[in-house]
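Worksheet: the structure to be examined is printed underneath.
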Amino acid sequence: MDNLRIKIQRIKKIKILSPIIFIALFAVIGFIFLHTAKAQDIQTDAGADQTISFSISPLVQEYDIEAGKVTKGFVKVFNQTDKDVIFEASPTNFTPVGNSGQVDIHDDSNQYSIRSWIRMQTGFTLVKPKSSATFDYVINVPMNVEPGSHWGAITVSTSKPPVNPNISQSITKQAIASLIILKAPGNVKEKVTILGTSDTQKIFTDPEVKLNTTVENQGNVHIKATGYYNIYDILGNKVKTVNLEERNVLPEAKRDFSSVINFDGVGPYKEEFALTYSGKTMVSTTTFWALNLEKTLSIVGIIVLLLGIYIVFRKRINKATHVLIRGDKDIK
């Protein structure tokens with residue numbers, strides 16, 4: 001009996017201490033969480049001082065040029081912060097990267113580069129808060145310029161912000177590029193190839209359908225192309241048209257013409273892609289299946305239900321069918 005009393009007393013003590021231990025543990029976890037959050041806030045505030053919000057215009061500039069002639073242009077920078085910011089502008093080159101229109105800004109040269117042709121009229125400038133400034137430049141086109149497209153960029157960047165000795169901070173130089181695309185006359189070759197869809201998915205189980213076609217520019221001049229998709233059902237009826245925005249495709253580059261749509265159809269469909277550039281139109285076709293599981297499962301459920309009703313009542317259904325067809329009134 002004494003042992004039993006001791007065990008009961010221990011159990012009562014555990015019951016009393018358990019809430020206290022739980023509360024203490026919760027308090028410790030809460031203190032650690034709040035301390036971590038405060039440390040993150042301090043770190044975030046320290047890094048926020050280094051972010052400069054600005055924009056430039058235009059983002060893309062296109063010019064028709066002539067050998068030996070001078071072309072002038074400008075880039076405008078907008079200081080969106082509440083403090084003075086020093087900006088600098090410099091000529092650079094760029095290379096298309098991937099199929100989505102991204103570029104890599106660099107100083108390396110190739111047969112299309114124009115960095116060495118550009119001279120900045122304005123280098124550094126201080127821009128007041130919520131104000132703008134203009135960087136002027138001149139392009140000196142060589143006498144022996146090759147026909148076709150050439151390109152480069154004006155990169156506008158921030159100067160390094162002052163370092164606060166009381167805060168450990170990293171200094172990042174921010175930059176935005178305005179792309180420049182030139183077109184020289186002469187023996188210009190336009191050659192565009194539709195490589196077909198680069199999306200291997202041909203069966204879509206939900207209403208979101210991705211349409212994607214890759215185009216390659218195999219000529220020596222850039223093209224400005226638009227396109228659209230037409231979708232046809234199994235009977236050849238056009239059920240949807242999707243128009244695409246205009247895109248630049250540089251020589252030796254590939255570009256995706258894609259769109260994601262909500263499509264509620266079910267079954268096989270023909271996808272027709274049309275590309276238009278320089279007054280020409282190219283067309284390619286492919287097929288895909290839209291299953292749209294929500295609709296498909298509903299249809300299958302109805303079919304299964306009807307089939308089950310038929311199996312259960314098939315004798316009566318068959319006899320009723322005989323009455324309708326043969327006039328037999330004996331239904332038992």
**Asked** Only one residue in VAL242, VAL192, VAL266, VAL221 is among the β-branched types (Val, Ile, Thr) and either surrounded by fewer than 16 Cβ atoms within 10 Å (Cβ to Cβ) or at pLDDT below 90 (or both), so which one is that?
**Response** VAL266
**Request:** Go through region 258-279 and give me each residue that's charged (D, E, K, R) and under 15 Å from THR214 (Cα atoms).
**Result:** GLU271, GLU272
**Complete:** Per the filter on region 92-127, residues farther than 23 Å from GLY219 by Cβ and either under 27 Å from the mean Cα position of the chain (by Cα) or in the same structural domain as GLU245 (by TED's automatic domain parsing) (or both) are THR92, ILE105, HIS106, ASP107
**Item:** For GLY236: the one exception among (1) within 20 Å of LYS202 (Cβ to Cβ); (2) surrounded by 11 or more Cβ atoms within 10 Å (Cβ to Cβ)
**Value:** (2)
**Fill in**
Picking from THR197, THR205, THR213, THR172, the residue that is modelled with pLDDT of 90 or more and of a type in the set (Ser, Thr, Tyr) would be THR213
**Item:** Residue list for region 70-114, restricted to those being in contact with a strand residue (DSSP E or B) (Cβ under 7 Å, 6 or more places away or on another chain), assigned to a strand (DSSP E or B) and free of Cβ contacts under 8 Å to residues at least 60 places away in the same chain
**Value:** LYS76, PHE78, ASN79, THR95, VAL97, ASP104, HIS106, SER113
**Complete:** Of the conditions (1) within 17 Å of ILE181 (Cβ to Cβ); (2) in contact with a Ser or Thr (Cβ under 8 Å, 6 or more places away or on another chain); (3) at pLDDT below 90; (4) surrounded by 13 or more Cβ atoms within 10 Å (Cβ to Cβ), the single one that THR122 does not satisfy is (1)
**Request:** Would you mind stating whether LYS238 is touching a residue at least 12 places away in the same chain (Cβ under 8 Å), in the same structural domain as LYS202 (by TED's automatic domain parsing) and not aromatic (Phe, Trp, Tyr)?
**Result:** no
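The values are calculated or read from the model by the stated rules, or taken from the named source; none is laboratory data. From a predicted model like this one, the values you see are computed outputs, not experimental measurements. Glycine gets a Cβ as well: all are built from the backbone with ideal geometry, and neighbour counts include every protein chain shown.
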